[in-house]
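The structure appears below as structure tokens.
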Amino acid sequence: MKIAINTSGVDYGDMGFSEFEKLGEVVYFKNVPRGELFEIAKDCDAIIINKVIIDEEFLSRCPKIKYIGVFATGYNVVDLDACRAHGVVVCNAPDYSTHAVCQHVFGLLLNFYGRIGEYNASVAAGGWVKSDNFCYYLGTMREIYGKNFGVYGYGNIGKAVAKVAEAFGANVFVCTRTVPENCAYKTVGFEEMLKTCDIISLHCPLTGSTAKMINRSTLALMKRDAVLVNTARGGLVDERALAEALNGGKLGGACLDVVDSEPMAADNPLLGAKNCIITPHSAWLARETRERLFGIVAGNLKAFIEGKPRNVVNNK
């Protein structure tokens, strides 16, 4: 078996691909022009991708491909209908990043509410050395305790975030497409969540129904001091509407790890927006998380080769 592996965004020199190399001849590539991608993949039986677009054109130009593995849980870059039509199996990596993303959600929130980055920068600049008191004040700080904490989407990550929010003493509200059985938290509709929650954390896939779900209309329903957290997909948010709400004082803050177009464009309206913390889609980058990811993706390919595919997302 000949395997093409897209290493962009997953290989930082601290991981190995030996488990893949046990399964066949491996060709590695990074971000390349579309035409070059076709040349690389046309003789391959399988391709492992991250952000590469797999569509009808790709499948028609690379007819030997029978397996697509995704270095992610989300698979919106893959046209599943086209893959079904060409008899191509698509497998993702579920639940590899739950702990890291949950950790990142609260890292962002603690930084926002506690102004940790500001204080660290101030101390490094000599602010504490110059202080005439044992501490000093840079601006309003808040507690997570007692806040109404909305979790939109109740998959593995949403469940983990709800549990940690509860541990902080927040009042947890869950909004999800399918009401979960035996949910320990109050389930509410989207509009009620928008109106009542002090913090809303998004944990749903990007689909036709969730695209731009955070927009001018929905932002207008939120509390003026509410905080939006998005570690899911940038396309869930109308970025211009969010920037306007932040800059106009109509929303308390935003903590984001994703934007609509990545890498972030220089003219993204959220760059420099008030009370907005942004990290570069890095919530999943912990070494342990990536080790787990590599293990799942290599295991998926091995299972496919053995005729027992697992984590298939286009089998319906």
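The values are calculated or read from the model by the stated rules, or taken from the named source; none is laboratory data. In this text, all values refer to a predicted model and were calculated from it rather than measured experimentally. Heads up, the Cβs are rebuilt from the backbone with ideal geometry, glycines too, and the neighbour counts pull from every protein chain shown. Each accessible area value is taken on the protein alone, full model and side chains, heavy atoms only, with ligands, DNA and RNA left out. Shrake-Rupley method; radii C 1.70, N 1.55, O 1.52, S 1.80 Å.
Yes/no per residue for (1) at pLDDT below 95; (2) surrounded by fewer than 17 Cβ atoms within 10 Å (Cβ to Cβ); (3) in contact with an Asp or Glu (Cβ under 8 Å, 6 or more places away or on another chain):
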position: TYR12; (1), (2), (3): yes, yes, no
position: LYS22; (1), (2), (3): no, yes, no
position: VAL27; (1), (2), (3): no, yes, no
position: GLU36; (1), (2), (3): no, yes, no
position: ILE47; (1), (2), (3): no, no, no
position: GLU56; (1), (2), (3): no, yes, yes
position: GLY69; (1), (2), (3): no, no, no
position: VAL89; (1), (2), (3): no, no, no
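Pull out all pairs, ordered by first then second residue, where Cβ-Cβ is under 9 Å, the residues are six or more apart or on different chains, the first lies in region 79-95 and is at positive phi and in contact (Cβ under 8 Å) with a residue 60 or more places away in the chain, and the second is of a type in the set (Lys, Arg) and crowded, with 17+ Cβ neighbours inside 10 Å.
ASP95/ARG292
Go through (1) part of a loop (DSSP other than H, G, I, E, B); (2) buried (at least 19 other Cβ atoms within 10 Å of the Cβ); (3) in contact (Cβ under 8 Å) with a residue 60 or more places away in the chain and name the single condition THR73 misses.
Checking THR73 against (1) part of a loop (DSSP other than H, G, I, E, B); (2) buried (at least 19 other Cβ atoms within 10 Å of the Cβ); (3) in contact (Cβ under 8 Å) with a residue 60 or more places away in the chain, the one that fails is (3).
In region 208-234, how many residues are of a type outside the set (Lys, Arg), in a loop (DSSP other than H, G, I, E, B) and either open to solvent by less than 60 Å² (accessible area, probe 1.4 Å) or on the phi > 0 side of the Ramachandran plot (or both)? Write out each step before concluding.
We begin by selecting, within region 208-234, every residue of a type outside the set (Lys, Arg); these are 208-211, 213-215, 217-222, 225-232, 234.
Those still in the list that are in a loop (DSSP other than H, G, I, E, B) too: 208-211, 213, 215, 220-222, 225-226, 231-232.
Restricting the remaining residues to those that are either open to solvent by less than 60 Å² (accessible area, probe 1.4 Å) or on the phi > 0 side of the Ramachandran plot (or both) gives 210-211, 213, 215, 222, 226, 231-232.
Result for region 208-234: 8.
Which numbered condition trips up ASP132, out of (1) closer than 17 Å to PHE106 by Cα; (2) without any contact (Cβ under 8 Å) to a residue 24 or more places away in the chain; (3) open to solvent by 90 Å² or more (accessible area, probe 1.4 Å)?
For ASP132, the failing item is (1).
Rundown of residues vs (1) in contact with a Lys or Arg (Cβ under 8 Å, 6 or more places away or on another chain); (2) touching a residue at least 40 places away in the same chain (Cβ under 8 Å); (3) of a type in the set (Lys, Arg), yes/no style:
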residue	(1), (2), (3)
GLY158	no, yes, no
ARG177	no, no, yes
CYS183	no, no, no
VAL188	no, no, no
GLU191	no, no, no
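Assuming GLY146 fulfils every condition listed in (1) exposed (fewer than 14 other Cβ atoms within 10 Å of the Cβ); (2) among the small types (Gly, Ala, Ser); (3) part of a helix (DSSP H, G or I) apart from one, which condition is it?
(3)
Would you call LYS147 within 24 Å of LEU194 (Cα to Cα), at pLDDT 95 or above and either basic (Lys, Arg) or under 24 Å from the mean Cα position of the chain (by Cα) (or both)? Talk me through it step by step, then tell me what you get.
Values: within 24 Å of LEU194 (Cα to Cα): yes; at pLDDT 95 or above: yes; either basic (Lys, Arg) or under 24 Å from the mean Cα position of the chain (by Cα) (or both): yes.
Considered against the rule, which asks whether it is within 24 Å of LEU194 (Cα to Cα), at pLDDT 95 or above and either basic (Lys, Arg) or under 24 Å from the mean Cα position of the chain (by Cα) (or both), LYS147 comes out as yes.
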